[in-house]
Every structure is written in C-alpha cells, then in structure tokens.
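To start, the structure under review is shown below, and the notes come after it.
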Amino acid sequence: MIKTMKQEAKQDAKIVSFEEGAEISGDLLTGGKEKKELKIGLVTLGYFEYWRMYPDLKAKVESDLKKVTDRITSAYKNVVSSGMVDTLDSADRAGRYFKREGVDAVLLVGGTYVPDFMSLTVLDYIPQIPVVIFSVQARENMDRKGNYEGSLRNSGIIGIAQLTGTMRKLKRDFEIVVGSVGDERAYGKIDARLRALQAVAGLKEANIGVIGHVFRGMYDIELSKTFLKGTLGVNVIMIQSSHLLEVWRNITDGETRAEADKLSSRFKKKNVTDGDVFNAVKLGLAMRRISEKFHLNAMCFLDQHFIQKQVKTSARMGASLLMETTDMCVNCEGDLGGLIMMMLMKSLSGRSPLMAEWGEYDAENNCCFMIGHGIGTPDLAASEQDVVLARTPEEWGFDGAGLNYELIMRPGAVTFGHIMEVPSGYRMLVSRGESIPFPRLDFDELQAMIKIKTPIKEYLEDIFDYGVSHHCIVCPGDIARELAAVAKYLKLELKYSD
C-alpha cells in the first residue's frame, strides 16, 4: 500500500518531543545508541622480490606474521585481516576490502621491507582513519652467525623507516611501535592505542543527560555543548527536574523497600535511619528509570536546593547505585568535562572511577587527600566490610540525613585527572599515583590518599599554575598511556604530571 503525504503527516502528528514525556519521541533516537565494537583492519607486509631470491624466506616471514595475526585476533573480537600484502595487486585488494568492511582503524605490520607506494595503496582507500604501524622482526637480538637472508627476514624496519618518512611529508598521521613478534612491550603499546580508539568511539553519539545546571559560580567547569559535540561527539540532553520528579512519584513503596532492605543488609549504617535509606533508594530508582527512558549513556545532575527538598534526600546514593548496576557514569554539579573523563576511564579500565575534589595535602606521605563527592561504587574499597552507609555530609535544606557511602580507596596504582575547557579548545590533565593504606576518616564521605613521585607541594603548584578544575576524577589502575593516546586522537592539549 502506498501512503499519501497526508497520511504520513497524520502519523507524524502523533509523535511529540521527549520534553512532553513521550515514550517514543521525535527528538531522541529510539532505542538509544548501539555500543560499537572497534573494527580493526590488520594488514601484514612482505615483498615479492625476496621470494625468488631466497625460496625458503616466504614461509619464514609468513610464520612470523601469523604469530602477530594470532595475537591480535585473540585479543580483539572485530579484526578484519587482509592476509600478507606482498604485491601491488594484493595491496589494492586489501585497501578495497578494508573500505568495503568499514574498518575504524588500521594496524599495519611491516614484516619485511616493502616500498612505500605499496603500503600507501592500502591506506589511500581509507584516508581518514587512524593508523598504527608495527615495525616487527622475528627476534629481539641479532643472530651472531646470521646471513643476508636472515637480515631480509627482519628488514621491515627499513620499509617502515621509508614509509614513516613519506607519511610525514604527506602530513598523514600515524602511531609507531617497534618490537619483535613476541615482544610484550610492543603489544602493550599497540593495545594502549587500540583501546584508546575504542574509548573515543564510545563517546561518539553518546547521550549525556543533564538534570539541573552547573552550580552557580563554578566557571571552571562551565562548558559549551556545541564545542563538546564538535570535539568529542557527545549529545547533551537537558532533562527537566519535573521529568525526574514525575517518575519519582510513580516509584512504589514495595519496590523501594525491597531494594532498601538489600542495601541495608550489605553494609553497616552510621548516623542514618531506615527512612534515610528508603528515601535515597527511591530517588535512585527514579534516576534509573530516567536513564532508561531517555537512553542515557551517562548522567550529570545538580540536586542541591530544589530536588533535595522535594525528595528529602540527596542524589548521591542514587548516582552510586546507577553506576554499580549499569554501565553508566554519573557525576554532579554540571561537570561535563569530568563526566567525559569518567566515561573514558571506565571504557579503558573496566572500573567505575571516583568523582572527587582536591583535598588537603599530606607532606609526610607526599600525598594528596582526595575527598569524594558522594559518588562511587563499593568496589573502590578493599572489601564491602570497609564500606559504611553514612549521611550526606553537606546539608542543603532537606529533611533527613541523606545517604552516602563512606569508604577509603583500596591500595594500588591509580590514574587521575580531568578535561577542561580553555580558549583554544580542550585540555586533559593526566597524572599517575598510588593509593596508599590509610585509616578511613570519620568524613561521611568517599576518600582516597594518593601518593605521587613529585614533591607534593611542587606538584600542586605545577598543576594549579597550568589551570585545572576543582574536581578530580580518580580511577583504579594505570591507564595514563591510554589516556595520552586518547588526548592525541581527540586533538586535546595534554598535561602529564606525576
């Protein structure tokens, strides 16, 4: 049946904006963003001229390149391999194949010398995507009894030197890694770059729901939604507080009580009542429904003053529960730069980061004491026995005590930093440190004692001179190398300091 324009217009009239509370709206993507797995084009290089000179060499090179291929395909789900490119025809086929498959990045592995025009033939079909070049050889050390054939087996370094020189002349960007077929250092560097690209891909078209606005006077975290979209690809969706409150009113006491009992049974309580737990869980359930309704990948809220008075609690525990039970990141006070940093860290580490503020310094331990913002997951602590349900330490005019996790971050390597707006665009601060054993203070708050290498006062003077946000995102694990790669791919100014 062919529909007339009039019939289609009548159907369109039924579609309304998400602002009106529609389940299916005309201004949000139905179903939300589908998570994209990075598609990697893997091309391995040899040179046809060598096969006739040394008849046994091709099999040896193919064996070397198979080890690399097996390693990459075992580590990543979505690898498109061209096989060995050793002629211009095979290079052309590989380029066409990658273009047809829509690869997101190319890993080019130089097994032997290949003239640059062959490699460029592959890359010319996919000119806009990132390229990681691996100059590989069969062994770590020279064979003291080797011959010329053995040297040709490791001649990829010559071809890569030629290719990189040409690519710089052509102003084409790339990343370079040098190593042997079994070199863990090399695979670690390749992995850092590919995981960084996956994290960047995760930002594209991600929906960030903002409830409220930036806290008054926090100019350091004020950001332009337009520039965020242009640089990082995220969609910022302004959600009315009335939407949240409408959902909150429809949360039943039965479902709230069931979830509140689970939370109370997991953790010890301090200075809070069952009613405080109930109120916090009810708001958390409403935040979960809002995230599902608007297909959010992350959420930023401001609950001080208005929302807290309506619901008699803070949104801190709701944010923490949302991060624990979904793949989302959540923060507060309108800090979109910090939220995007959380999203990147979560993608790279698989762990939910802590939203904190620069606290006091501790000269004895050469540490900065990070004070949380009430938003973090219990696995930040050494164990659940070290987590307490406490009050919200800052009271903004609501009845009751609110609810917060009180914990101190478990010992181990951490990475911390932020994304800030500057006149020239955006900059990223990345630092590495170590969360050290320290008593959990009576703060009613999440805490972390972070030791760094640089003398602490010099470190703080350096980063404050650079210009940072008063918020700081702390993530378990060492992902500084991956974040540096992210900054390069997104063309962000990078400040690295530890």
Query raised in the report: Working out 0.36 nm times the residue gap between residue 124 and residue 141, then minus their Cα-Cα distance, what length gain in nm do you get to one decimal?
Result: 2.7 nm
Query raised in the report: Among 41, 398, 473, whose Cα sits farthest toward the positive end of the charge dipole of the chain (+1 at Cβ of Lys/Arg, -1 at Cβ of Asp/Glu, about the Cα centre)?
Result: 41
Report task. Using a 10 Å Cβ count of at most 16 others and DSSP loop calls, identify the longest part of the chain lacking such GluC sites (Glu not before Pro). Result -> 223-363
Requested in this report: Measure nothing fancy, just the Cα-based angle from helix 274-293's long axis to the longest principal axis of the chain, in degrees from 0 to 90, nearest 10.
Outcome: 50 degrees
Report summary line: Rounded to two decimals, the Rg over Rh value of region 422-469 from Cα coordinates and the Kirkwood Rh reads 1.07
Query raised in the report: Got the relative contact order for the chain handy, in percent, Cα pairs under 8 Å and 6 or more residues apart?
Result: 12 percent
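What is the dipole size for the chain, taken about its Cα centre, with +1 at each Lys and Arg Cβ and -1 at each Asp and Glu Cβ, in debye to the nearest 20?
1600 debye
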Query raised in the report: Sorting 72, 436, 408 on the 10 Å Cβ count, fewest up front, what's the list?
Result: 436, 72, 408
Requested in this report: Run the numbers on region 346-498 and let me know its relative contact order in percent, using alpha-carbon pairs under 8 Å that are six or more apart.
Outcome: 30 percent
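Let me spell out the model: positive unit charges on the Cβ of Lys and Arg, negative unit charges on the Cβ of Asp and Glu, origin at the Cα centre of region 150-190. What dipole size does that give, in debye rounded to 20?
240 debye
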Report task. Please express the Cα-Cα pair-distance distribution P(r) of region 278-387 as a list of whole percents, one per 5 Å bin, running from 0 to the bin with the greatest distance. Result -> 2, 12, 19, 23, 21, 12, 6, 3, 1, 0
Query - Square roots of five times the Cα gyration tensor eigenvalues for region 271-324, Å - result: 19, 12, 9
Requested in this report: Compute the Rg to Rh ratio over the chain from the alpha carbon atoms, using the Kirkwood formula for Rh, and round to two decimal places.
Outcome: 1.05
Report task. Report, to the nearest 10°, how far helix 88-101 tilts away from the longest principal axis of the Cα atoms in the chain, using its own Cα long axis and a range of 0 to 90°. Result -> 20 degrees
Query raised in the report: Based solely on its DSSP helices, what 222 nm [θ] is calculated for the chain when runs of n ≥ 4 H residues each add -39,500 (n - 2.57) and the sum is averaged over all residues, nearest 500 deg cm²/dmol?
Result: -12000 deg cm²/dmol
Report summary line: Helix 57-75: inclination vs the chain longest Cα principal axis, degrees, rounded to 10, gives 10 degrees
Report task. Report the charge-dipole magnitude of region 181-335 in Debye, nearest 20, computed about the Cα centre from +1 at each Lys and Arg Cβ and -1 at each Asp and Glu Cβ. Result -> 140 debye
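Since every read-out is calculated from the coordinates, none of them should be taken as a lab result. Given the structure is predicted, the values throughout are model-derived calculations rather than measurements. Cβ sites come from the backbone with ideal geometry, for glycine too, and all protein chains shown count toward neighbours.
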